[in-house]
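One structure below.
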Amino acid sequence: MKLPSRACLLRVFIGETDKHGGKPLYELLVELARKRGLAGATAIRGFLGYGANSRVHTSRILRISEDMPVVVEIVDTREKLEAFLPELDGLVSEGLVTMEEVSVIFYRHNAAGKKEAQ
């Protein structure tokens, strides 16, 4: 897959304990992005944050939170991400979704059987 030099980054801010159909929402979003043929997705667990309810979530020992912030980042063209938004809207009941234009410097993969550079 080739990405143009101008693409978009979709960010989905949710909680670690958010689920859909009994499955962690961040896992579902990454799998769904892959199924829809989007260029790439990554789930990142935060160690401190708060959202619309202003409740702070932290990983500090004295205030262990069981609902750490998670950001799912998905990169592709604006058109493909906008087509994905209605489906995303049906899955995210609490959180924040943003989209911004990004410059793609490179997007590479090792072809099957190709030896990695040493």
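Overview of results
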| read-out | value |
| --- | --- |
| Nearby aspartates and glutamates by direct alpha-carbon distance to residue 19 (threshold 13 angstrom, same-chain neighbours under 8 apart not counted) | 27, 67, 94 |
| Sorted by Cβ neighbour density within 10 Å, fewest at the top, the residues 106, 47 | 106, 47 |
| Long-range HN-HN contacts of residue 40 with modeled amide H, under 5 Å | 75 |
| Gain on full stretching of the segment that runs from residue 89 to residue 36 - 0.36 nm per residue minus C-alpha separation | 17.6 nm |
| Ellipticity estimate at 222 nm from DSSP helix runs (n ≥ 4, -39,500 (n - 2.57)) divided over the chain, nearest 500 | -6500 deg cm²/dmol |
| The range 6-100: relative contact order as a whole-number percent, Cα under 8 Å and 6+ apart | 44 |
| For residue 34, net neighbour charge (Lys/Arg +1, Asp/Glu -1) across residues whose Cβ lies under 14 Å away | -2 |
| Cα long-axis angle, helix 25-35 against the chain (0 to 90 degrees, to the nearest 10) | 20 |
| Between 0 and 90°, nearest 10: helix 78-91 axis offset from the chain longest Cα axis | 30 |
| Virtual spin-label span in nm between residue 5 and residue 55, 7 Å along Cα→Cβ | 4.7 |
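The numbers here are math on the coordinates, done by the rules we state, and not lab data. Quick caveat, the model's predicted, so the values are computed rather than measured. As a convention, Cβ positions derive from the backbone with ideal geometry for all residues, glycine included, and neighbour counts pool all protein chains shown.
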